[in-house]
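For reference, the structure discussed in these notes is given below.
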Amino acid sequence: MQNVSEASAPRASAEDEGYFGPDSVSWQLFSDPSSKLGGVTGILLQSLNPMMMRLFAATSDYASDIAGRGERTGRYIDTTIFGDRAHADAAAAAVRRLHARAVWTDPFTGEELRADNERWLAWTHNALVFGVLRAAEAFGPELSAAEQDRFVREQQRAAELIGVTQPSLIPENYADLRAYIDDNRDWMALTLPAAEISRAMRRPSLKGNPISVFVAVNVQDGILSLLPEWALLMFGIEGRPMHLRAAARTTRMLMARARKHETVHARILAATSRVQTHPYRRVRR
C-alpha cells in the first residue's frame, strides 16, 4: 500500500491531524472510492440488527430522508477520520446525544429499547469496518495482513468516539473481526424496515440508459458480493453466486478506472477540505 505521508500528502488547514493522520491506513482506505461501496455493505449488515431497526422505525421517519441520512453519515465519517480532534470530538458528541434521546418502549413486551445500547453500537461500528476491509480485499487498494490488522486497531478509536467503552466488543485484528461478524449472525433478522431500505439493492431498476444501468447493477451486485453467505441468505439473494462473482470482477475494474482519474493526494485533499468547509459540527469559524 502506498504510504500517504511518503509524498507529503496535501491537507486543508486544520488545528491538528486528528486521531489518525496521513500515516494511517484509515486515511488511505477512507479516501479510496472502494470505501463508499464498503460503507454500503456495512449499512446492509447494520440493518440486520432487528431490535435496532424496530427502534429506528419507531423513533424516526427513516423512509422519507434516505439521501439526507446518507449525506449526514458521510459527513460524520469524513469529520472523525480526516478532521482535527476538536471537530471529531464535536461530531461524536452530537451523535452520542442523538443516540441518548432515541428511546422507545415496546408496547407488547414493555422492554425499553435504547440507541446507545453498547452492543448495538459495537455491531454498527464493526459492520462498517468489516465492509470497508472487504471492499478493499475485493476491489483494492491491496493491503498486507499487517495493514488490515492495523486498520482494525486504528478504528478502535472511532468506536470509543461513538460510545463503545467495553474493549471485549471491539476486535483486535481482521481475523477476530471476521469471527465477530459470523458469531453474531444468530441474533440477526431481516425486518420490514431493513427490507425496505435494501429493496433497491435486491431488485435494481433496469430503466434508463443501458450503459448507466449496466454500471449501476454491476456495482450494486458487487456490493452484495461482499456480504457473508448468511447475510445473503437473509436478504434472499444467496442463489446468484456466479452473477455476484462476475459483478465483483466488473466492479474491481471500475474502481481501478476511477483511481486513474484522481491521485491519492487529490482524494486526501478533497476529504480534508470537505471537513473544513462542511464538518458534521462546526467548532470554529
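The values are calculated or read from the model by the stated rules, or taken from the named source; none is laboratory data. Nothing here was measured: the structure is a model prediction, and the numbers come from that model. With ideal geometry, Cβ positions are generated from the backbone for all residues, glycine too; neighbour counts draw on all protein chains shown. We work out accessible area using only protein heavy atoms, side chains counted, and drop any ligands, DNA or RNA first. Shrake-Rupley method; radii C 1.70, N 1.55, O 1.52, S 1.80 Å.
Computed quantities for the displayed model
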read-out	value
For residue 187, solvent-accessible area (1.4 Å; no DNA, RNA or ligand), Å²	60
Rg(Cα)/(2.2 N^0.38 Å) for the chain, N = residue count	0.99
Computed over the chain: relative contact order in percent, which uses C-alpha pairs under 8 Å that are six or more apart	32
Selection from 248, 143, 155, by position along the positive dipole direction of the chain (Cβ)	248
Per-residue [θ]222 nm for the chain (sum of -39500 (n - 2.57) over DSSP H runs n ≥ 4, rounded to 500)	-19500 deg cm²/dmol
Net charge contributed by nearby residues that have their C-beta within less than 14 Å of residue 43 (K/R +1, D/E -1)	+4
Percent accessible area from carbon and sulfur atoms, the chain, protein chains only, probe 1.4 Å	54
283, 152, ranked by accessible area, largest first (probe 1.4 Å)	283, 152
Charge sum, other residues only, whose C-beta stays under 12 Å from residue 92's C-beta, Lys/Arg counted +1 and Asp/Glu -1	+3
Residue order for 221, 186 - accessible surface, 1.4 angstrom probe, largest first	186, 221
